[in-house]
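> Here it is, the structure, as structure tokens.
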Amino acid sequence: MEDDTLNPNLTESTEDASLQKKHSSMVERLSKRHQTGSDNSESSSPSFESVSSFLSRFNLLKTTIESNLAQSQSLSSQLKPHFDNIAASISDLEKLVAENSYFLPSYDVRSSLKTVSDLKQKLDNLNSQLIPKKKFAFKNKGAKKDSVFIPQQKPSTVANVVSEKTSSIAVRDSPGFRNETGQVLIQDCKGLEVGEFTVSDLDSCEVRIIGTVRALFVHRLKNCKVYVGPVMGSILIEEVEGCVFVMASHQIRIHNAKKTDFYLRVRSRPIIEDSDGVRFAPYCFTYQGIEDDLRGAALYQETGNWANVDDFKWLRAVQSPNWSVLPENERVRIVDVSNMNNGKEEI
Amino acid sequence: MGLLSIIRKIKRKEKEMRILMVGLDNSGKTTIVLKINGEDTSVISPTLGFNIKTITYQKYTLNIWDVGGQKTIRSYWRNYFEQTDGLVWVVDSSDLRRLDDCKMELDNLLKEERLSGSSLLILANKQDIKGALTPQDIAKVLNLEAMDKTRHWNIVGCSAYTGEGLLEGFDWLVQDIASRIYMLA
């Protein structure tokens with residue numbers, strides 16, 4: 001049973017133990033339902049179809065979370081994982097409401113959601129009370145050259161535009177890098193108005209995007225290093241393996257990533273889905289004028305969200321095994337391309 | 001529309017409408033809802049679960065259900081189908097590669113019997129991004145003309161970033177629902 005790992009603080013009284021059993025079986029069921037995926041039928045869902053049994057389940061979970069919250073004050077160490085667990089339980093609770101909302105009276109949906117948001121608020125308050133904020137420091141260790149280079153340096157190939165086939169309609173060419181092996185690909189967006197930019201089907205390449213783009217799509221990359229300036233909108237990454245990404249954006253979604261490191265600055269919580277062996281660290285890219293670009297994109301402030309990863313394939317009370325924080329001694333230093341104008345490498 | 005459901009609507013004290021927002025992840029559903037409601041759209045995390053917003057729009061109360069679009073949670077969409085008056089399908093017009101996915105998910109949704117009576121608004125979002133497809137192109141890709149003739153539908157280009165097109169879209173949706181369920185005074 002995972003009772004012990006879920007809530008180590010809750011095994012003292014028998015009442016709590018029974019609470020906990022219910023909680024863990026609940027989590028179990030949620031995750032089972034989760035694994036069955038789209039083929040699950042109405043009958044396999046944890047819907048109670050009865051308001052009262054929903055409410056009693058809901059209240060049990062709520063009590064568990066509240067008692068966990070209450071214990072935070074007396075814990076001195078291990079606060080972070082403790083809070084993470086609570087946050088996960090709260091999102092389980094939210095999901096429970098979601099799954100049953102179709103038969104609940106709207107009053108109950110509203111009041112349940114209110115409870116959920118109150119719990120979140122409490123957790124936030126405790127979090128900021130008990131865990132001191134990390135100080136933000138923008139590391140600017142001189143204009144050191146980065147030590148990350150791929151062997152086959154070549155003068156830049158500037159934004160080669162390859163038409164992409166879409167089945168149903170002939171779509172006009174869109175800017176991007178596609179179908180390359182062993183290249184250094186540089187896009188300088190300074191002074192250009194770049195909308196969406198696509199990076200796809202690359203093997204062993206290094207990609208640098210200087211300046212600001214509105215949206216970035218990344219698809220099918222292997223053993224690549226990708227450094228990008230601020231992205232005003234969102235980044236969507238699919239099917240990447242053995243890569244390093246250094247990127248800043250308002251939203252980041254990562255699907256089907258394997259053994260890849262992400263150095264992120266992101267205003268909201270990054271998410272992963274169907275991924276494993278992915279690691280996260282803070283943003284570390286710089287070039288001449290990046291501060292202004294970051295400010296212009298409202299990405300100058302470090303939010304710490306690079307570590308607040310939501311795993312859609314792991315909606316459970318314990319830390320997802322699919323991602324981790326990249327240990328500090330394994331992180332790359334600042335990647336600085338200030339002195340490399342348009343691929344004129346001087347090594 | 002059955003007699004029962006008409007009575008149900010008439011019985012409601014407020015003129016409520018239930019709107020369901022769906023679409024692929026990254027299409028901008030949450031941003032659209034917050035923008036319409038005049039809220040800050042600068043920090044929005046991908047939706048893990050769902051959000052509900054109650055918005056007073058003209059003389060109607062809209063209950064907008066904004067459901068997460070990540071692949072893993074699309075199978076939960078059906079939990080929200082019951083009693084939906086208006087369906088809003090949001091498309092990221094700049095995501096050319098996933099238009100096929102987008103079409104497939106929409107086709108699946110429209111097969112759903114519980115949604116057969118609801119008005120369908122397609123929002124071709126992110127028109128502000130250079131390189132985005134026009135609503136006309138999106139309509140072609142999604143093959144909207146081939147839709148069941150009984151369905152009330154409309155496609156509108158919009159930008160959740162600037163707000164352009166959102167009111168036009170929701171005006172149509174609300175008017176269409178209102179006239180359909182005999183609530184026009």
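> Among the numbered criteria (1) open to solvent by 10 Å² or more (accessible area, probe 1.4 Å); (2) out of contact with any Gly (no Cβ under 7 Å at 6 or more places or on another chain); (3) within 14 Å of chain B (Cβ to nearest Cβ), which one does residue A:249 miss?
Here residue A:249 meets the rest and fails (1).
> Of all residues in the stretch A:314-335, which are within 11 Å of chain B (Cβ to nearest Cβ) and touching a residue at least 60 places away in the same chain (Cβ under 8 Å)?
Kept after step one, since they are within 11 Å of chain B (Cβ to nearest Cβ), are these residues of the stretch A:314-335: A:314-315.
A:315 - this is the single residue of the stretch A:314-335 that is within 11 Å of chain B (Cβ to nearest Cβ) and touching a residue at least 60 places away in the same chain (Cβ under 8 Å).
> Which one of the conditions (1) at pLDDT 85 or above; (2) open to solvent by 70 Å² or more (accessible area, probe 1.4 Å) does residue A:61 fail to meet, given that it meets all the rest?
Looking at each condition in turn, residue A:61 falls short on (2).
> Turning to a different aspect of this structure: Can you pull out every residue in the stretch B:113-166 that is within 21 Å of residue B:92 (Cβ to Cβ), charged (D, E, K, R) and assigned to a loop (DSSP other than H, G, I, E, B)?
Initially, the stretch B:113-166 is screened for residues within 21 Å of residue B:92 (Cβ to Cβ), giving B:120-144, B:147, B:153-166.
Checking the rest, the ones that are also charged (D, E, K, R) come to B:126, B:128, B:130, B:137, B:140, B:164.
If the condition is that a residue be within 21 Å of residue B:92 (Cβ to Cβ), charged (D, E, K, R) and assigned to a loop (DSSP other than H, G, I, E, B), then B:126, B:128, B:130, B:164 are the ones that fit.
> Scanning the stretch A:103-120 for residues that are open to solvent by 50 Å² or more (accessible area, probe 1.4 Å) and within 10 Å of chain B (Cβ to nearest Cβ), which turns out modelled with the lowest pLDDT?
Within the stretch A:103-120, the subset open to solvent by 50 Å² or more (accessible area, probe 1.4 Å) is A:105-107, A:110, A:114, A:117-118, A:120.
Filter once more, so that each one left must be within 10 Å of chain B (Cβ to nearest Cβ): A:106, A:110.
Details: A:106: 80, A:110: 85.
The residue in question is A:106.
> Suppose we filter B:129, B:122 for residues that are aliphatic (A, V, I, L, M) and within 13 Å of another protein chain (Cβ to nearest Cβ); which single one remains?
Details: B:122 fails: within 13 Å of another protein chain (Cβ to nearest Cβ).
Just one listed residue meets the conditions, B:129.
> Return the residue satisfying two criteria in turn: it lies in the stretch A:252-288 and is outside any loop (DSSP other than H, G, I, E, B) and among the basic types (Lys, Arg), and of such residues it is surrounded by the fewest Cβ atoms within 10 Å (Cβ to Cβ).
In this case the residue turns out to be A:259.
> Considering every residue within the stretch B:4-22, establish whether at least one is surrounded by 24 or more Cβ atoms within 10 Å (Cβ to Cβ) and free of Cβ contacts under 8 Å to residues at least 60 places away in the same chain.
no
> The conditions are (1) in contact with a Gly (Cβ under 9 Å, 6 or more places away or on another chain); (2) over 24 Å from residue B:74 (Cα atoms); (3) among the basic types (Lys, Arg), and residue A:120 fails exactly one of them. Which is it?
Among (1) in contact with a Gly (Cβ under 9 Å, 6 or more places away or on another chain); (2) over 24 Å from residue B:74 (Cα atoms); (3) among the basic types (Lys, Arg), the lone unmet condition for residue A:120 is (1).
> State all residues of the stretch A:303-318 that are surrounded by fewer than 16 Cβ atoms within 10 Å (Cβ to Cβ) and more than 14 Å from residue A:265 (Cβ to Cβ); if no residue qualifies, say none. Spell out how you get there, then give the answer.
From the stretch A:303-318, those surrounded by fewer than 16 Cβ atoms within 10 Å (Cβ to Cβ) are A:304, A:318; that's our starting set.
If the condition is that a residue be surrounded by fewer than 16 Cβ atoms within 10 Å (Cβ to Cβ) and more than 14 Å from residue A:265 (Cβ to Cβ), then A:318 is the only one that fits.
> List the strands (runs of 3 or more DSSP E) that sit entirely inside the stretch B:31-109 and contain at least 2 residues that are facing chain A (nearest Cβ under 9 Å).
Working: elements: B:50-57, B:60-67, B:86-92.
Strands (runs of 3 or more DSSP E) meeting the threshold: B:50-57, B:60-67.
> Look at the stretch A:186-216 and say how many of its residues are of a type in the set (A, V, I, L, M, F, W, C), under 24 Å from residue A:251 (Cβ atoms) and more than 24 Å from the chain's Cα centre (by Cα).
Initial filter on the stretch A:186-216 (of a type in the set (A, V, I, L, M, F, W, C)): A:186, A:189, A:192, A:194, A:197, A:199, A:202, A:205, A:207, A:209-210, A:213, A:215-216.
Then drop every residue that is not under 24 Å from residue A:251 (Cβ atoms), which leaves A:189, A:192, A:194, A:197, A:199, A:202, A:207, A:209-210, A:213, A:215-216.
Of the ones still in play, those that are also more than 24 Å from the chain's Cα centre (by Cα) are A:189, A:192, A:194.
Final tally of qualifying residues: 3.
> For residues in the stretch A:302-313 being outside any helix (DSSP H, G or I) and within 11 Å of chain B (Cβ to nearest Cβ), which is farthest from residue A:89 (Cα to Cα)? Spell out how you get there, then give the answer.
Residues of the stretch A:302-313 that are outside any helix (DSSP H, G or I), as a first pass: A:302-304, A:308-313.
In the following step, the residues that additionally are within 11 Å of chain B (Cβ to nearest Cβ) were identified as A:303, A:308-313.
Numbers: A:303: 23, A:308: 15, A:309: 15, A:310: 13, A:311: 14, A:312: 14, A:313: 15 Å.
The extreme case among them is A:303.
The values are calculated or read from the model by the stated rules, or taken from the named source; none is laboratory data. Only a predicted model underlies this, so the values are computations on that prediction, with no experimental measurement involved. Heads up, the Cβs are rebuilt from the backbone with ideal geometry, glycines too, and the neighbour counts pull from every protein chain shown. Note: accessible area is taken over every heavy atom of the protein model, side chains too, but ligands, DNA and RNA are not part of it. Shrake-Rupley method; radii C 1.70, N 1.55, O 1.52, S 1.80 Å.
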